Structures are given as C-alpha cells and as structure tokens.
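Take a look at the structure set out below.
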Amino acid sequence: MEEKEFRNYLKEKNVDENIISNYIKKLQNYENFLKKEGKTLETVNPDELIGYSDNLASTDKESVLDFLRAIINYANYSKNYDFIVKVIDISESFNAMDTLYTRIAEVHGENIRNDIFKDLNIPALGVDPEKKPAFTKTIMKRVEEKLGEEESINLLSPCLHGRPPDDIEGDKKKLKELGIDAFLEMKHQKLIERLEKIRDEGTLEFAQYVDDNVIDFVKNDQMFGEGIREGNIIYVKKLPYQTKGFLNAKEENIKRFYICYCPWVRGAMKNKSEDESLRNFCYCSAGWYKLYWDQILEHPIKAEPVNTALDGALECKIALYIPEEALRAYIK
C-alpha cells in the first residue's frame, strides 16, 4: 500500500485525521491477510476482495463497513476501479432483508415477524453475495405460506432498499414544461450523455465500465432511462447491472446474471437454482421506480414486473400504471 501518498490524498479531500487513521489500519489488516499468499493491494485480483469480506463478516462484522469505505477511497486514489465494482457487488441492497424484517413487524406484528425469521440469521454486510439467494428462498416461502402471495407482493412493492436522492423538484418542473412524452425522451437522452461522459473519463456507471457498445445498446432502446408511455402505462427497462458482461456472455443464465442488480437473487441465475419461491421478488425492483414516480406525480402509482431475468427473460421490464387523473395534466 502506498500509505504516505494515500494519506496525503485523503488530507487533500479534507478527510478527518481519525478517519484517515482508521482507513489505513483497515487496509493494513487486509494487506497482512494478503501477505499469506504473497500479494499486496497493488497485485491482488480485485475479484478476491469478496473472499476477505466474507471472512471478515464472520469474524469481525462490525468492521466490514469501514473496511469497504477504506477500499473505495483507495480505489479512487489508485484509479483501480475494479475494487469499486467488487465493493458494490458486496454492498448493493445489503439492507433489504433488514427492511423486510422491520416492515413485516410494522404491518403484521412482531410475533408473525419472529415466526417467519425463526432460527435464521440475516446475512451480514460483507457476506459473499452468492450465498444470499438460499436465504431469500427460505424467507419468501415462509412469507407466502404465512401471509399469502398478495401480501408478499405488498411487502416488497415499496422497494426494500430505497434509491439515492433524485432531483425531484427539478424533474417536476421539466415534466410540467415538456409534457410526459418529451420528458421521457429527455431522460433517455440525459442517460446517453451521462454514459458518454463516463466512457470518456474512464470511470464507472454505478458498478460497470462503459464503452461504445454499451452506449449503442442504450441508444437503440428508449425504455432505458425512464421509459416509453403507452396510454396510461410507462414501460421502462433497467440497464443491465453489467452491460458488457451481458452483451459478451454466451450462456443465457450468465446473461441473466449480468442483467440483475439484486444480490439476494442473482446468484441463483448463475448456478441455475432459481425456482418458484423467488418469482415475486422483482416487485422490489419495480418499487424502485414507484418511489420516483410517486414523488414526481404526487400521486401513488402501481408498478409491477413484466419480464425479468429471474423469470427467464433477457431483460428486466417494468410496467408503471399511472392513474388518469395524475397523467392528464402532462399529456401534450
């Protein structure tokens, strides 16, 4: 580890000295782990990060978050963005099951919640994400057996992990100015422009690198972005989690694995173990869009998966049902 240079980098970013010392310590611990195999931060394959975080989750889970933060900062310092991709693999939606645990108690009471989660430990942050689908299958079976399919969907639909802050007020203004269809076209164009900037800078779009093939893939389908309206329904597709991997993969199950963002189910596609118990979990993903449009329109909408990688499709397509009274003012 280039400790002195990294420390100076963090100081230039006005990071608190105590935090800097903590990050250095976490990275030193990682390097001590790597020394057993004759590796350093500069020589290790970032794919191996998951093995360490999984070990840490079982031996010192309270330190995992600080370790992942330290790795992200070191990756930005060293411009080794492969580490960031792996950190996102590890941490994406990590709180989803904790949210479900809390939500079931809020809606149905602690006794039912405790019965559903009996004898189960929610996988902690840091656990190898490919271990998570087995837990999801057990929980989904128990929820549906206890509460029924409809209520299972209701629990998932508000989204279990939320979404980062959106420019809600700015988008409200643009929607009012442009009308719904031009607004959707604008959001697609903005996505293309963002991807082009990321390609040119050599950075990341969330957890993936961007090249011309990725951009062409997005340009050819306006459903990427915020979607296309057909009547009172907006159809939107999620940009694959790893678009380059999706485009290059030969096996369909691996293509579907690269499409999916959710570590609670995506590993099941990789090892071909998905089954009926997981079929409704993508209502959580649909809810990610619902969170946005509920705020933009100031009116609740219904969101549901149409096609998903989990049910065998080579896309994740969501239908957003907009009530006529909420849509009327924005049709031009």
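When Phe217, Phe224 are checked against the criterion of being modelled with pLDDT of 95 or more, open to solvent by less than 30 Å² (accessible area, probe 1.4 Å) and within 30 Å of Tyr330 (Cβ to Cβ), a single residue qualifies: Phe224. Here Glu62 meets the list (1) open to solvent by 40 Å² or more (accessible area, probe 1.4 Å); (2) modelled with pLDDT of 95 or more; (3) part of a helix (DSSP H, G or I) almost entirely, failing just condition (2). For segment 274-322, the set of residues classified as open to solvent by less than 30 Å² (accessible area, probe 1.4 Å), in a loop (DSSP other than H, G, I, E, B) and out of contact with any Leu (no Cβ under 6 Å at 6 or more places or on another chain) consists of Asn280, Phe281, Thr308, Ala313, Cys316, Ile322, listed by residue number. In segment 296-313, the residues that are within 17 Å of Lys255 (Cβ to Cβ) form Cβ pairs under 7 Å with partners that are part of a loop (DSSP other than H, G, I, E, B) and open to solvent by 30 Å² or more (accessible area, probe 1.4 Å), at six or more places apart or across chains, as follows: Asn307/Glu315; Leu310/Glu274; Asp311/Arg279. Restricting attention to segment 177-200, the residues that are farther than 18 Å from Val218 by Cα, touching a Phe, Trp or Tyr at 6+ places or on another chain (Cβ under 7 Å) and assigned to a helix (DSSP H, G or I) total 1.
Looking across segment 104-143, just one residue is without any contact (Cβ under 8 Å) to a residue 12 or more places away in the chain, open to solvent by less than 40 Å² (accessible area, probe 1.4 Å) and not aliphatic (A, V, I, L, M), and that is Gly109.
Residue check: is Ile50 within 22 Å of Glu92 (Cβ to Cβ), of a type in the set (Val, Ile, Thr) and open to solvent by less than 70 Å² (accessible area, probe 1.4 Å)? So Ile50 passes the test.
The sole residue among Leu49, Leu34, Leu41 that is within 14 Å of Ser78 (Cα to Cα) and not charged (D, E, K, R) is Leu41.
The values are calculated or read from the model by the stated rules, or taken from the named source; none is laboratory data. Bear in mind that the values here come from a model prediction, so they are computed numbers and not experimental data. Positions of Cβ are generated from backbone atoms using ideal geometry, with glycine treated the same way; all protein chains shown enter the neighbour counts. Note: accessible area is taken over every heavy atom of the protein model, side chains too, but ligands, DNA and RNA are not part of it. Shrake-Rupley method; radii C 1.70, N 1.55, O 1.52, S 1.80 Å.
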